[in-house]
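Asks: The structure is given below, and queries will be raised subsequently.
Derivation of every value follows stated rules applied to the coordinates shown; laboratory data play no part. In this text the structure is predicted, and so the values were computed from the model without any measurement. Glycine also receives a Cβ, built like all others from the backbone with ideal geometry; neighbour counts cover every protein chain displayed.
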Amino acid sequence: MDCSLILSVAFVQSSGPWEEEGVDWGMIKKDNRRKWMWLFLGGVAAFQFYAIREILAAFALFVLGFAAIAAFIASLYLLQKSWEVGVGRLAASQNAAILAVRRSVAVVEDLARRPIRRPGSAPAR
């Protein structure tokens, strides 16, 4: 720990000869408040300029635009993830209707793999 930090903490917390030197902590707090007051008033005065208003309005529009794009992308992501979970649960299901659909799909796949004509047959005219 820094030695100057320890001394400054001891200076603030103890009562002793330092208080007699005329350090008025209430005045320091008041000066800090004045600093923030002047910063606020400077900000209000700067906001009165047209260019500052234009920059802040453009910034607000950009923020809204990017927020809309982010919301759209997030909704697509959530839609894809929910679809993934739903298909996973459907594939793991042991419901009789789902099992019948699986068998039907397997039969159609077998039919699709078979050739339409027998090997060695004459071409159609």
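Asks: How high is the FRET efficiency from V107 to V87, r the C-beta distance, R0 22 Å, rounded to 0.05? Please list the in-between numbers first.
Replies: Working: r = 21 Å, r/R0 = 0.96.
My answer for the efficiency is 0.55.
Asks: Give the shape of the range 31-125 as rounded, prolate or oblate, defined through the alpha-carbon gyration tensor: a ≥ b ≥ c are the square roots of its eigenvalues, a/c under 1.5 means rounded, and otherwise the shape is prolate if a/b is larger than b/c and oblate if not. Mind dumping the intermediate values first?
Replies: Values: a/c = 8.95, a/b = 3.22, b/c = 2.78.
Since a/c reaches 1.5 and a/b is larger than b/c, the shape of the range 31-125 is classed as prolate.
Asks: Something else: In whole Hz, with x marking every Gly and Pro, tabulate ³J(HN,Hα) for the range 58-67 from phi via Karplus 6.51 cos²θ - 1.76 cosθ + 1.60, θ = phi - 60°.
Replies: 3J(HN,Hα) across the range 58-67, in whole Hz: 5, 4, 5, 5, 4, 4, 5, x, 5, 5.
Asks: Shifting gears a bit: What chymotrypsin sites (Phe, Trp or Tyr not before Pro) does the range 26-85 have in DSSP loop regions with at most 13 other beta carbons within 10 Å? Could the numbers behind the result be given before it?
Replies: Details: sites: W36, W38, F40, F47, F49, Y50, F59, F62, F66, F72, Y77, W83; in loops: F49.
Filter output for the range 26-85: F49.
Asks: Please go through the range 68-124 and write out the trypsin sites (Lys or Arg not before Pro) that DSSP classes as loop and that have at most 14 other C-beta atoms within 10 Å. List each step's numbers first, then the result.
Replies: Working: sites: K81, R89, R102, R103, R113, R117; in loops: R117.
Those that pass, being in a loop and sparsely packed, are R117.
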